[in-house]
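To start, the structure under review is shown below, and the notes come after it.
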Amino acid sequence: MGELLDIINEQDEVIGQAERDEVHKKGLLFRMTYVVFTTPEKRLILQRRSLTKKVNAGRLSMAVIGHVTSGDGYLETAIKESYEETGVIVDPAKLSRLDLSYSNYDEGDYLSNAIRALYAYEFDGNVSDLKIEEGEGTGFEMTTLEDLKVAINQNPDSYVPYLADIVTAGLLDPLASVKK
């Protein structure tokens with residue numbers, strides 16, 4: 001049996017469960033969590049997705065992306081996925097929720113119809129200390145928000161669509177203020 005996800009309605013209320021593959025095949029509404037890692041110098045840490053991923057293979061994304069499994073919540077998933085995908089034990093008090101919004105992406109026969117929670121986490125370690133989850137990513141890269149905006153504008157297909165959307169919408173702008 002595959003990973004079980006909660007199926008939700010537009011009010012974010014659980015109305016059933018289904019296996020992950022079925023959710024994406026039928027375009028059922030479900031929950032996802034994303035965590036943007038920043039450094040104390042306000043650089044963004046992005047993860048390059050594995051070339052073996054079903055969708056967005058090889059593209060740059062947030063440091064952490066996770067499906068919210070059945071019975072879990074957005075914050076719980078942010079903490080769990082942060083550890084699985086980076087090796088970092090995240091203090092929930094240091095996670096800032098930036099957004100909770102609906103978005104739908106049609107990627108061929110893979111439909112991602114989700115309410116997505118976006119969090120920010122300031123990581124004070126070295127990017128070389130982050131651990132890549134086998135099969136999920138190929139490495140981490142740092143950039144400034146300004147450079148990311150230019151890069152997404154010049155080559156949007158190098159980034160997962162949700163990252164391009166949140167950058168364009170200005171949802172990461174509060175993270176860009178440089179500390180003196």
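The values are calculated or read from the model by the stated rules, or taken from the named source; none is laboratory data. Only a predicted model underlies this, so the values are computations on that prediction, with no experimental measurement involved. Methodologically, a virtual Cβ is constructed for each residue, glycine included, from the backbone with ideal geometry; neighbour enumeration extends over all protein chains shown.
General observations
- Residue that is surrounded by the most Cβ atoms within 10 Å (Cβ to Cβ) [pool: residues in segment 5-22 that are in contact (Cβ under 8 Å) with a residue 40 or more places away in the chain and closer than 18 Å to GLU107 by Cβ]: LEU5
- Among residues of segment 74-102, those that are loosely packed, with under 13 Cβ neighbours inside 10 Å and free of Cβ contacts under 8 Å to residues at least 24 places away in the same chain, counted: 4
- Within the option set ASP165, ASP124, being out of contact with any helix residue (DSSP H, G or I) (no Cβ under 9 Å at 6 or more places or on another chain), of a type outside the set (Lys, Arg) and assigned to a helix (DSSP H, G or I) holds for one residue only, ASP165.
- Here LYS131, LYS149 are screened, and the one residue that is basic (Lys, Arg), surrounded by 12 or more Cβ atoms within 10 Å (Cβ to Cβ), modelled with pLDDT of 95 or more and in a helix (DSSP H, G or I) is LYS149.
- Failed condition for ALA93, given (1) outside any helix (DSSP H, G or I); (2) out of contact with any helix residue (DSSP H, G or I) (no Cβ under 9 Å at 6 or more places or on another chain); (3) among the hydrophobic types (A, V, I, L, M, F, W, C): (1)
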